[in-house]
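Trainee: Provided herewith is a single structure, encoded as structure tokens, for subsequent inquiry.
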Amino acid sequence: MDASTTKLIQPTTDLTITQLNQECLLHLLSYLDKDSCRSFSLTCHRLREVYLDPRLWSLLLFHSPSELRRENYVLGSSLRYLAVTWHSSRVKVCNIEDWMKNQFQKDLCSKHESLVSSFLERVCTMCPNLLSLTLSGCGHISDQEVICVLQSCSRLRSLHLENCVRVTDLTLQALVLHGAGLHQVTVDFCRNVTQAGLEMIRERRPDICLTAERSAGMIPDSKPDKRTQATTQTETYAEGPNVLLMTSLQFP
């Protein structure tokens, strides 16, 4: 190859990354994790604009509630798939009934107990086109937050709840009222979901593919007043001839 040919195939100008169009830059940034994407966006104004484009954030995965504190993601109408999954020994502390926690456990939970709830409130107002929601190990969310998502995100197709101990049959009732678009629902290891609630879903919404591993077979929470009443009854009968019968009963 002679010098004249080499000169012809050489570009006349050097193309920088910021000269790529929006679609190309969105595609490039989609390969980065949230932290890297945010760091990349701080290098110049052009890349910051791409970072803030809602189209970049159709999928969000969080592996612990603490990740919700980081300013490394953008919520918007383009969000379709959202998952907050927490697999940690601290989840066991979150799952303890509030009235049974000691002060250390309460202090531990106080640092993160409102994180997922507050985040879901933002999702309800900013992400109406959400298609799939997964919440696993989120022991502090209640029926109220899940119901709000069902009411606000009418396009929701899939709802996966795992080890969410405060979720009850109220959420199942809301699936019938507000989950018109739902096709798949999972409520695994949610101990306050009852068999009656699951049967109600299967009867009234046979179009939903419902799975509920262990949920209805677990020991549900009892209210403090019921515990007190059960303890009083045990003490009363302990003085009579039925002492062996009553002391053998276990109240959840």
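Trainee: Limited to segment 44-71, what total is found for residues that are part of a loop (DSSP other than H, G, I, E, B) and under 23 Å from residue 128 (Cβ atoms)?
Mentor: Qualifying residue count for the region: 5.
Trainee: May I ask you to verify whether residue 95 is in contact with a Gly (Cβ under 7 Å, 6 or more places away or on another chain), more than 20 Å from residue 127 (Cβ to Cβ), modelled with pLDDT under 90 and not charged (D, E, K, R)?
Mentor: Against the criterion (in contact with a Gly (Cβ under 7 Å, 6 or more places away or on another chain), more than 20 Å from residue 127 (Cβ to Cβ), modelled with pLDDT under 90 and not charged (D, E, K, R)), residue 95 qualifies.
Trainee: Considering only residues of segment 90-143 that are part of a loop (DSSP other than H, G, I, E, B) and touching a strand residue (DSSP E or B) at 6+ places or on another chain (Cβ under 7 Å), which is most open to solvent (accessible area, probe 1.4 Å)?
Mentor: Ranking the candidates gives 131 first.
Trainee: Being modelled with pLDDT under 95, touching a helix residue (DSSP H, G or I) at 6+ places or on another chain (Cβ under 6 Å) and aliphatic (A, V, I, L, M): is that true of residue 180 here?
Mentor: Answer is no for this residue.
Trainee: Which residues, taken from segment 68-81, are out of contact with any helix residue (DSSP H, G or I) (no Cβ under 7 Å at 6 or more places or on another chain) and either surrounded by 17 or more Cβ atoms within 10 Å (Cβ to Cβ) or at positive phi (or both)?
Mentor: Matches in segment 68-81: 79 only.
Trainee: If you check residue 36 against the conditions, is it surrounded by 12 or more Cβ atoms within 10 Å (Cβ to Cβ) and either under 27 Å from residue 157 (Cα atoms) or at pLDDT below 85 (or both)?
Mentor: no
Trainee: Whether any residue in segment 51-65 is charged (D, E, K, R) and more than 20 Å from residue 123 (Cα to Cα) is what I want to check.
Mentor: No: segment 51-65 contains no residue that is charged (D, E, K, R) and more than 20 Å from residue 123 (Cα to Cα).
Trainee: Are any of the residues in segment 152-167 over 15 Å from residue 179 (Cβ atoms), crowded, with 23+ Cβ neighbours inside 10 Å, in contact (Cβ under 8 Å) with a residue 24 or more places away in the chain and aliphatic (A, V, I, L, M)?
Mentor: yes
The values are calculated or read from the model by the stated rules, or taken from the named source; none is laboratory data. These figures come from a predicted structure and were not determined experimentally. No Cβ is skipped: glycine too gets one built from the backbone with ideal geometry, and neighbour counts run over all protein chains shown. Quick note on the areas: whole protein, heavy atoms, side chains included, nothing else; ligands and nucleic acids left out. Shrake-Rupley method; radii C 1.70, N 1.55, O 1.52, S 1.80 Å.
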